[in-house]
1. What number of residues within region 140-189 satisfy the criterion of being β-branched (V, I, T) and closer than 24 Å to E213 by Cβ?
2. Which condition from (1) under 22 Å from F45 (Cα atoms); (2) of a type in the set (D, E); (3) at pLDDT below 95 is the one that E144 breaks?
3. For region 1-82, please list each of the helices (runs of 4 or more DSSP H) lying entirely inside it that holds at least 3 residues being more than 23 Å from V218 (Cβ to Cβ) and open to solvent by 10 Å² or more (accessible area, probe 1.4 Å).
4. Can you tell me which residues in region 148-169 are buried (at least 17 other Cβ atoms within 10 Å of the Cβ), closer than 22 Å to S15 by Cα and out of contact with any Lys or Arg (no Cβ under 9 Å at 6 or more places or on another chain)?
5. Looking at region 206-222 only, could you name the residues that are touching a residue at least 12 places away in the same chain (Cβ under 8 Å), assigned to a helix (DSSP H, G or I) and open to solvent by 70 Å² or more (accessible area, probe 1.4 Å)?
6. Go through region 131-160 residue by residue and tally those that are of a type in the set (F, W, Y) and either more than 26 Å from K107 (Cα to Cα) or not in a loop (DSSP other than H, G, I, E, B) (or both).
7. Which number in (1) of a type outside the set (S, T, Y); (2) open to solvent by 10 Å² or more (accessible area, probe 1.4 Å); (3) without any contact (Cβ under 8 Å) to a residue 24 or more places away in the chain marks the one condition that I96 misses?
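The values are calculated or read from the model by the stated rules, or taken from the named source; none is laboratory data. Since we're looking at a predicted model, the values are computed, not measured. Note that each Cβ is placed from the backbone with ideal geometry, even for glycine, and that neighbours are counted across all protein chains shown. When the accessible area is computed, the model is the full protein with side chains, heavy atoms only, and any ligands, DNA or RNA have been set aside. Shrake-Rupley method; radii C 1.70, N 1.55, O 1.52, S 1.80 Å.
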Amino acid sequence: MARFKRLDVLNTMVSTGIVPLYYNKDVELVKNVVKACYDGGARVFEFTNRGDFAHEVFAEVNKWCATNCPEMAMGVGSVVDPATAALYIQLGANFIVSPSLNPDMAKVCNRRKIAWLPGCGTLSEINLAEELGCEIVKIFPGKEVGGPSFVKAVKAPCPWTNIMPSGGVAPERESLESWFKAGVCCVGLGSQLTPKDVIEKGDWKFIENKVRESLNIVKELK
């Protein structure tokens, strides 16, 4: 069962503006990344559903988080079907993120009052997602669907739409400024927050500092 209410999770995404996302098959490594993000000030984290037995990794990390990062709302990304969403919800996921829009997932998430952020690439998909009850829609891949200019164009006729881009967002002032000035409510930060060489060296302080810097930049922009 989710430890955080849906509205609290959504409000935290908006108030902090940053959603780190990461996957690795090594449970201890994922714990280190989550803790670094937590120490940097992040309060939501998207574990990416990618490798075999990924749900087992999430289960261990999520249970660990309850004690070691008590304010961190753990969610799961790259979920494309209702069955997988239900599996992760049973393991305590506080939100579900999809790379695409699958309407069948809305019932599963809404029934358990779990935030669902489907990936959209057109205004029609965004409108459908909102009809299905989504408070925040994900645009993916953010850069390829049009970047900040796409967000600005969508917000013109639909100023009520809350958008989180994922893909093409860097933890740097120039990148963050372009997205937030376009009107996003939060951003997903992936590989540029956790570079391969940083992970190999176990430089958790780098990740912590990058998260803290990004949060401070977003705070200035909001």
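1. So the answer is 5.
2. E144 satisfies all of (1) under 22 Å from F45 (Cα atoms); (2) of a type in the set (D, E); (3) at pLDDT below 95 except (1).
3. 27-40, 54-68
4. If the condition is that a residue be buried (at least 17 other Cβ atoms within 10 Å of the Cβ), closer than 22 Å to S15 by Cα and out of contact with any Lys or Arg (no Cβ under 9 Å at 6 or more places or on another chain), then V151, V154, N162 are the ones that fit.
5. Across region 206-222, the qualifying residues are R212, E213, K219.
6. Final tally of qualifying residues: 1.
7. (2)
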